[in-house]
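The values are calculated or read from the model by the stated rules, or taken from the named source; none is laboratory data. Fair warning: this is a prediction, and the values are worked out from it, not measured in the lab. Every residue, glycine among them, receives a Cβ derived from its backbone with ideal geometry; neighbour counts consider all protein chains shown.
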Amino acid sequence: MKLYNETKNNIVEYVNAICVDLICEQQYKIAMNILDYLLNNYPSNTHDSNTLPLLINKAQVYKWQGDNDSCKKILEDIDWEPLSDMFKMAKCVLLEEYESTIKLMKKIGKNDRFNELAYRKWPLFKELRNYPGFPKAFEEIFEHPFSVVTTSIYDNVAVGVVEIARTQNLAKANIEKKANSFPGSKSKVKRRKKKR
C-alpha cells in the first residue's frame, strides 16, 4: 500500500509539472482537463501536498482565462491557516495581494522550491513580475538583479532528456562501484574488462 501511494504521488506530481508547462504555453483547456481528471480520479485531503498544487494550478487557469470568480471560489474553499508560507504566497499572488506577497517572499527567502527560476518562469508569478516592488525584493533575496527567462515546454523536454541520460550514467557508475565493493569481485570485473 505504501509503495502504491508513493507511486501515485509521483505520478500526480509529474503530471502536475506538465500542467505548469501547459499553463506557461497558455494551453489552458488542456491543462484544465488534466487537472480535473487528477482531482476527480485521485481524491485526497484538500491539504494534501499533491492536491494543493493541483487546486492552485486550477485556480490560476481560471484567472488567466479571465474567470476571477471561479479562481476566488477555489481559494476560499481552502483553509490556509495551517499551511506553509509558500502556499499562502500562492494564494496572495492569485488574489493580487502583492504587498503581502512581497513580505512572504522575503520571509521565505532562498528556497529549493521557490527559487530564482520559479520567480522568473512560473506562470503563477507572471503578474507579480510587473509589480514595482518585485525586482527590488528579488534582488534582496538572490543578491543580483531580476531578469526574465523565457522557456517553452520543448526546452523542458530537452532538459528532461539530458537529466535522464545523466541519471542513467550515475546508476551505471553506482552498479560498477557496488560490484567492486564485494570481496574478490574487483579482480573479476577488471578481468572481464581486459578480455573485451
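Of everything listed in (1) modelled with pLDDT under 95; (2) outside any loop (DSSP other than H, G, I, E, B); (3) β-branched (Val, Ile, Thr), the single unmet condition for ILE102 is (1).
Of LEU83, LEU75, LEU54, LEU94, all but one fail to be surrounded by 21 or more Cβ atoms within 10 Å (Cβ to Cβ) and over 20 Å from VAL15 (Cβ atoms); the exception is LEU94. The number of residues in the range 57-72 being part of a helix (DSSP H, G or I) and loosely packed, with under 13 Cβ neighbours inside 10 Å comes to 1.
The one condition from (1) in contact (Cβ under 8 Å) with a residue 40 or more places away in the chain; (2) outside any helix (DSSP H, G or I) that ASP79 does not meet is (1).
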